[in-house]
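Colleague: The structure under discussion is supplied below as C-alpha cells; questions concerning it will follow.
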Amino acid sequence: MDRMDIRDALASEPDEREITVAGWVRTLRTSKGGFSFIALNDGSCSQTLQIVADNTLGNYDDEIVHLTAGAAVAATGPLVESRGRGQRVEMQARAVRLLGPADPETYPIQPKRHSFEYLRTQAHLRPRTRTFAAVARVRNALSAAVHDFFQSRGFLWVHTPIITASDCEGAGALFGVTALDPDAPPRDASGHVDFAQDFFARRTYLTVSGQLEAEAYACAMGKVYTFGPTFRAENSNTPRHLAEFWMVEPEVAFCDLGEICDLAEQFCRAIISAVLDRCGDDLALFDERAPGLVDRLRHVADSDFARITYSEAVDILQAAGRRWDYPPRWGADLQTEHERYLTEEHFAQPVVVTHYPAAIKPFYMRLNDADRAGPGGEPTVAAMDVLLPGVGELIGGSQREERLDALAGRMREMGMNPDDSWWYLDLRRYGTCPHAGFGLGFERAVQFVTGLDNIRDAIGFPRTPRNAEF
Ligand code: 4AD
Ligand code: MG
C-alpha cells in the first residue's frame, strides 16, 4: 500500500493532493450533522491524525459510524487545515476502508486507562496503547544511540555466540541447552546424563554475557562492542531482573580502570542526550506519569558522575544512621537498598563505585596491588559499577586480569579448571595487554529514561520466572 506515515502527514502543510494513511482507530466521535471524526494512529508517532468522514461516503452508515477502538482502517483524501485544537492538519476523507474490525465486546484494549499488570497479560496488543508504543520508540532510539556512540568512536560491533560452554559470571545462573530426549537421555557408567552424546558433545548453556568472546576480538581489533540478548536463570522476581535481557558490552584493549570508567560515563550521558533530542513527544508522555523525569534526565546528561571506591561506599553507608535490612559490612556485596541510598540520597546523581573485594567478583577481574587492600588486608579487584537513581546498578565492568599466572591462580582459587578455558588463557599467553570493558543492562537503561517502575514494561515480551506466554 502506498501510504504516508502519520508522523509525516502531521508535519505536512495543507495540500489538495490525496494521500493515504492506514492505522488503528483510537477513538471515534460521530456528530449529529452527519460527520464522524476518527482518531487514527499508526505507531509512527504518539499523536493521532484526525480523519473527517461525512455521510456522502458510500459506507458511512454501514461501516464508518460503527468503527470502534482497535479497528484497522485505511483512509484516503487531502490534508486540510484543521479547525480542531492541537493539530495543524486533518484529513478530509474521500474514502475510508475498514480493513479489520475489532469486536468491542471482546477487544482487550478498551479506550481507558488499564493497569500495567493487566497489560502484561496482553503483551501482544499492548503496543497499541500510547504508553507501550512510546516505550517501543524510545527503545529503538536508545538502540540507535548505542550504535551511533560506538560507531562514531571507531568501535567494531562484533557478534558473540548465544550458545556457550562457559559460565562467564561464575554465578551458576545458567539455562542449559540440549538436544537430548528429556524422557530418555543417554547415561554414562555412573548413571549421570551423558552429555558427550549431546549435540555439541559437551554441556552447553545460553550465554550470560558476551564478554569472554568480546575480549578475544578486543585483543585483535582494539575497540569492540557486543549488543545482544543474554540469559540468566536466577529466580529473582524483582522489578529489575529479567531472565532474558539485552546487554551492551564494549571491550577495549590498552585501557585501564579509570579509562573504562570515563567511557562508561560518556556512554550513559550520550545515549540519554540522544533520547532527549529524538524522543521529545514520547518523553513528555512519561514525564506526565513521573513528573520531573525530563529535568532529571537533562541533569544526568549534563553533569559529572560521582566516583567512589567500594571502601568509601561502605563508610558512607555505615555513617548514614539508618536501619538497614542488610547492615553494610566490608566484604559483603552492596544490596539494592545500599545502591539506592548512595545514588538517590547521598549523592543524588549517578555514582561509579570501584575497587570491590575480590571475593565477591568474578574470576576475570584484575587483582589490585596491596595498597588497595581492604581493612583486614583483603584483596580487591579493579571492578566498576555504575549506579543510577531509580534503577540501581546499570553497568558492571572491570579492568581484566591480563597476567597469565594471576588469572590461572584466581581460577583455581574459585574452583575452576584453567584447562577448560585454554583459549581464554591463550589471550594472556600470546600478546597479552591491559584491557577493560563493561556491560550495560539495556532494559535498565530503558527503565531509567522512561521512568518505568518495572523492567517487565521495558521489553516487548518479558521473560521472567513462570512467564513465557508470548
Ligand atoms: O554486572 P553484570 O553481571 O556484568 C557482566 O555480565 C559482565 N560480564 C559485563 C562485562 O563486563 N562485559 O551484568 C551487567 C549488567 C548489570 O549491571 C545490569 O544492568 C544488567 O547487566 N543485568 C540485568 N538486567 C536485567 N535482568 C537481569 N537479570 C540482569 N542481570 C544483569
Ligand atoms: Mg554486576
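Colleague: Take the stretch 203-247 and flag every residue that is open to solvent by less than 30 Å² (accessible area, probe 1.4 Å), under 25 Å from residue 423 (Cα atoms) and under 14 Å from the mean Cα position of the chain (by Cα).
Modeller: Answer for the stretch 203-247, where residues must be open to solvent by less than 30 Å² (accessible area, probe 1.4 Å), under 25 Å from residue 423 (Cα atoms) and under 14 Å from the mean Cα position of the chain (by Cα): 226, 227, 228, 230, 231, 247.
Colleague: Does residue 328 satisfy the criteria of being touching a strand residue (DSSP E or B) at 6+ places or on another chain (Cβ under 9 Å), part of a loop (DSSP other than H, G, I, E, B), of a type outside the set (A, V, I, L, M, F, W, C) and surrounded by 16 or more Cβ atoms within 10 Å (Cβ to Cβ)?
Modeller: no
Colleague: If a residue must be free of Cβ contacts under 8 Å to residues at least 12 places away in the same chain and either open to solvent by less than 40 Å² (accessible area, probe 1.4 Å) or within 33 Å of the chain's Cα centre (by Cα) (or both), how many such residues does the stretch 183-202 contain?
Modeller: Counting residues in the stretch 183-202 that are free of Cβ contacts under 8 Å to residues at least 12 places away in the same chain and either open to solvent by less than 40 Å² (accessible area, probe 1.4 Å) or within 33 Å of the chain's Cα centre (by Cα) (or both) gives 4.
Colleague: Another one. Restricting the first residue to the stretch 124-151 and requiring it to be of a type in the set (Phe, Trp, Tyr), which pairs with a second residue that is open to solvent by 30 Å² or more (accessible area, probe 1.4 Å) meet a Cβ separation below 9 Å and a spacing of at least six or different chains?
Modeller: 132/460; 149/266; 149/270; 150/156; 150/157; 150/223
Colleague: Can we say residue 359 is closer than 24 Å to residue 325 by Cα and open to solvent by 50 Å² or more (accessible area, probe 1.4 Å)? Full working, then the answer.
Modeller: Values: closer than 24 Å to residue 325 by Cα: yes; open to solvent by 50 Å² or more (accessible area, probe 1.4 Å): yes.
Criteria met by residue 359.
Colleague: Could I ask something else about it? For residue 321, indicate whether it is modelled with pLDDT under 95, surrounded by fewer than 18 Cβ atoms within 10 Å (Cβ to Cβ) and part of a loop (DSSP other than H, G, I, E, B).
Modeller: Here the answer is yes, as residue 321 does meet what is asked.
Colleague: Within the stretch 76-105, can you find the residues that are in contact (Cβ under 8 Å) with a residue 24 or more places away in the chain, small (Gly, Ala, Ser) and within 22 Å of residue 281 (Cβ to Cβ)?
Modeller: Of everything in the stretch 76-105, those that are in contact (Cβ under 8 Å) with a residue 24 or more places away in the chain, small (Gly, Ala, Ser) and within 22 Å of residue 281 (Cβ to Cβ) turn out to be 82, 84.
Colleague: Identify, please: which residue in the stretch 9-52 is assigned to a strand (DSSP E or B) and small (Gly, Ala, Ser) and is, among those, surrounded by the fewest Cβ atoms within 10 Å (Cβ to Cβ)?
Modeller: Looking at the filtered set, the residue picked out is 31.
The values are calculated or read from the model by the stated rules, or taken from the named source; none is laboratory data. Here the structure is a predicted model, which is why all the values come from computation and not from measurement. We place every Cβ from the backbone using ideal geometry, glycine too, and count neighbours over all the protein chains shown. These accessible areas exclude ligands, DNA and RNA; they are computed on the full protein's heavy atoms, side chains included. Shrake-Rupley method; radii C 1.70, N 1.55, O 1.52, S 1.80 Å.
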